[in-house]
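The values are calculated or read from the model by the stated rules, or taken from the named source; none is laboratory data. This one's a predicted model, so the numbers in the text were calculated from it and none came from an experiment. Every residue, glycine as well, gets a Cβ built from its backbone with ideal geometry; the counts of neighbours run over all protein chains shown.
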Amino acid sequence: MTARRGSMRHAIRLACPPDTVWDVVGAPERLPEWWEGVESCIVEGDERTIQTRSGLPMPERMLTIDHSLRRFQYRITAPLFVEHLSTIDVHDLRDGTCLTVYSVDAEPAVLALVISGAARAALNHLPELLGVDRVP
Amino acid sequence: MGRKILLVTTDQQRYDTLACNGGTLSRTPVIDGLAAEGVRYDRAHPQSVVCMPSRSTIVTGQHPSTHGVWMNGVPLPGDAPSVAEVLRLAGYRTALVGKAHFEPYFDPFLRFEENLLSTEGTTPHGGSRRGFEHLETAAHGAMGPLHYCQWLLREHPEALGMYCRAIDDSLQVSAAVGGDTGAPQVKVNPIDRGIYHTDWVADRTIDWLDSVDADDDWFCWMSFPDPHHPWDPPESEVGRVDWREVPLPAGYPEDRATREAIIDGKPRHWRAWYDGTLVSNYEAPADWVPATLTPDQVREVNARNAVEVELIDEALGRVLTRIAERGWDDDVDVVFTTDHGELQGDFGLLFKGPYHVDGLMRLPLVWRPAPSSRADDVPGASVVSRPVGLVDLAPTFCAIAGIEPPEWMQGKPLPVDDVDAEARGFDKVLTEWDSELFGTDVHLRTMMRDRWVVTAYLPGTSHDGTEGELYDLVDDPLQQVNRWDDPAVRPLRDDLVADLWDSQPPVRPERLALEAPV
């Protein structure tokens, strides 16, 4: 059987304090700065609607913005998704570096792959955006 | 002025669908004519049996392990080496019209340039992409951000819903059934033939050729999306082949017990797919159980496939006519092939997956060298029986253009006959499979050498790494008897497996990421 629900995860380690990353990924309105293919987004309360480059509006509900834990969680509520939960965690590795982990769970499963593929590209854009080095 | 190159590819076409290869369903006089004037390859194999890795091999001249596109959904990096770029830098005009698929189709963010370009024009940013100055894309229907879909939306919106939807509402490969027999991915398509994607690809190719100066050298990759499923050719053409009169393929034993006994002799993921308990990849409908496939469904799929092949042959004929009208015919090399095959009823299976048998691995390949070159070093009609691969295409194009193939190309210019093939060491060809999707992974390495096809399995979800397949193509051309565990051929098996591992291509240092399902 092919899984109906997909679970994916990507991570990047950067040579900077965790707050440098969190200032960007923990600010919902800054998504277009680091996510390729997001043209704009509107944040109203716990709702965020992004406009993709293909013209597709993607409504989301933000569930968690925890500045002490550095955790951001949201659900995409577009009808295409039966269910979706993405979690961004920024971990302090206490050696001058931090680890950003982007986890995606979704049904249908292929959407987990599509979102996580784009998330991976977004994570990979962070070093250039922040002017910091990636740590292998 | 040098030799011009027309590369014609189809998608998912079997060797035995061409009349010149012994096929009896389709009339393919144009391709047969090219074969009669050129070289027909009897053992051409892909280096992967799915689209993106195989197409990446065609353009890079590298095996999947090296170019890094290890499964569908892994994009080929924009800076990957490309034979089109080599030719462009040598002064060739370059174009790709039709199915590209070096980057994933599932792309709501339009992150991939192939998809983005369809909203902007036909000239890539910076003047070329992978060496192609002109990119005009199409796939298997009306879905997706490709040029054909945009054109259809703009010019013929009434046709958008006529095609079979390859992907269903749950974003799975569609298991919808149709036609007279309820076969999967068969649909009556009322679209006018003139706007079907096969003719569109030919039309756009002709348009690009008309834009080229008479004295220009050019490399044009005309890439038809058919006869890949869905099997939904224009309804007006379906009557060409009456499915009721289509014989069952030799590879489809009608007796169910016989069919299942054959599959049970192969590694366990074969039977698991047949029974509908394991779909390891996104290239087949997850909700369709192959064991339910009926003989009449096999007939109808084969009939519709044959119609699509005929339409391709006719479309190619139109392009060749235009080339002749431009006065280029004597100076054009034409290469016809496909990216991989289709099971099309063999073993009671349809579509494709990690199954390295002839249905997926034996490809049509015809090279009609430019007639003006014939006096030099290319003989008339010939058949090459020794194994060649799609990895050999890129260096062949270099040789045609009079360019030394770059070192990064791993193949060799195609042989023109068996004497040439033997002299230049065409004795084996490699194919590989890797897939990892939602917890299911499969890894195969295959070599065709002499009369044998050997497949070694690496550990994966269904395999512990001790499994394998070994077929004698002379005594068992349908690959129904797996001799991997036959003690009588154990020394041979050991020798083949050792050669298989010794022959593996270099592995790309950094593994590319899977970014979409396809």
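Inspect all residues belonging to the stretch B:194-215 and state whether any of them is more than 30 Å from residue B:397 (Cβ to Cβ) and surrounded by 15 or more Cβ atoms within 10 Å (Cβ to Cβ).
Filtering the stretch B:194-215 for residues more than 30 Å from residue B:397 (Cβ to Cβ) gives B:194-195.
Okay, now just the ones that are also surrounded by 15 or more Cβ atoms within 10 Å (Cβ to Cβ), so B:195.
Within the stretch B:194-215 (the criterion being more than 30 Å from residue B:397 (Cβ to Cβ) and surrounded by 15 or more Cβ atoms within 10 Å (Cβ to Cβ)), the answer is yes, since at least one residue qualifies.
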Among the candidates A:87, A:97, which residue alone is surrounded by fewer than 20 Cβ atoms within 10 Å (Cβ to Cβ) and touching a Leu at 6+ places or on another chain (Cβ under 8 Å)?
A:97
Filter result (in contact with a strand residue (DSSP E or B) (Cβ under 9 Å, 6 or more places away or on another chain), crowded, with 21+ Cβ neighbours inside 10 Å and either within 14 Å of chain A (Cβ to nearest Cβ) or outside any loop (DSSP other than H, G, I, E, B) (or both)) within the stretch B:111-144:
B:114, B:115, B:117, B:118, B:129, B:132, B:134, B:135, B:136, B:137
In the stretch B:166-174, is there at least one residue being over 30 Å from residue B:348 (Cα atoms) and either part of a loop (DSSP other than H, G, I, E, B) or within 14 Å of another protein chain (Cβ to nearest Cβ) (or both)?
no
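Filter the stretch A:45-70 down to the residues that are farther than 19 Å from residue A:110 by Cα and among the small types (Gly, Ala, Ser), then identify the one that is farthest from the other protein chains (Cβ to nearest Cβ).
My answer is A:68.
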Just one listed residue, out of B:476, B:472, is without any contact (Cβ under 8 Å) to a residue 12 or more places away in the chain, more than 30 Å from residue B:107 (Cα to Cα), more than 14 Å from every other protein chain (Cβ to nearest Cβ) and not polar (S, T, N, Q), and it is B:476
Taking the stretch A:36-70 and keeping residues part of a strand (DSSP E or B) and of a type in the set (Gly, Ala, Ser) leaves A:40
Among the listed residues B:325, B:314, identify the single one that is over 30 Å from residue B:239 (Cα atoms) and more than 16 Å from the chain's Cα centre (by Cα).
B:325
Please go through the stretch B:69-91 and pick out each residue that is surrounded by fewer than 23 Cβ atoms within 10 Å (Cβ to Cβ), more than 14 Å from chain A (Cβ to nearest Cβ) and assigned to a loop (DSSP other than H, G, I, E, B).
B:79, B:80, B:81, B:90, B:91
Quick check: is even one residue across the stretch B:1-14 among the aliphatic types (A, V, I, L, M), within 27 Å of residue B:404 (Cβ to Cβ), in a loop (DSSP other than H, G, I, E, B) and in contact (Cβ under 8 Å) with a residue 40 or more places away in the chain?
yes
When residue A:34 is run through (1) within 14 Å of chain B (Cβ to nearest Cβ); (2) surrounded by fewer than 18 Cβ atoms within 10 Å (Cβ to Cβ), the failure sits at (2)
Which of the residues that make up the stretch B:92-110 are within 22 Å of residue B:10 (Cβ to Cβ) and part of a loop (DSSP other than H, G, I, E, B)?
B:99, B:100, B:101, B:102, B:103, B:104, B:105
Within the stretch B:314-327, track down each residue that is surrounded by fewer than 22 Cβ atoms within 10 Å (Cβ to Cβ), in contact (Cβ under 8 Å) with a residue 24 or more places away in the chain and of a type outside the set (Val, Ile, Thr).
B:314, B:317, B:318, B:320, B:322, B:326, B:327
For residues that are of a type in the set (Phe, Trp, Tyr) and more than 24 Å from residue A:98 (Cβ to Cβ), tally how many sit in the stretch A:41-85.
1
Scan the stretch B:276-302 for residues that are at the interface with chain A (Cβ under 9 Å from one of its Cβ atoms) and farther than 17 Å from residue B:166 by Cα and report the count.
4
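Okay, residues lined up against (1) within 17 Å of residue A:118 (Cβ to Cβ); (2) more than 11 Å from the chain's Cα centre (by Cα); (3) away from chain B (no Cβ under 14 Å); (4) modelled with pLDDT of 95 or more:
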site: A:1; (1), (2), (3), (4): no, yes, no, no
site: A:15; (1), (2), (3), (4): no, yes, yes, yes
site: A:24; (1), (2), (3), (4): yes, no, yes, yes
site: A:27; (1), (2), (3), (4): no, no, yes, yes
site: A:40; (1), (2), (3), (4): yes, yes, no, yes
When restricted to B:425, B:439, B:465, the only residue within 14 Å of another protein chain (Cβ to nearest Cβ), more than 24 Å from residue B:76 (Cβ to Cβ) and either of a type in the set (Val, Ile, Thr) or surrounded by fewer than 16 Cβ atoms within 10 Å (Cβ to Cβ) (or both) is B:439
Taking the stretch B:316-336 and keeping only residues that are of a type in the set (A, V, I, L, M, F, W, C) and assigned to a helix (DSSP H, G or I), one is left with B:316, B:319, B:320, B:323, B:324
The one condition in (1) more than 30 Å from residue B:175 (Cβ to Cβ); (2) surrounded by 14 or more Cβ atoms within 10 Å (Cβ to Cβ); (3) in contact with a Gly (Cβ under 7 Å, 6 or more places away or on another chain) that residue A:67 fails to fulfil
(2)
Is it the case that some residue within the stretch B:349-356 is of a type in the set (Phe, Trp, Tyr), within 14 Å of the chain's Cα centre (by Cα) and closer than 30 Å to residue B:296 by Cβ?
yes
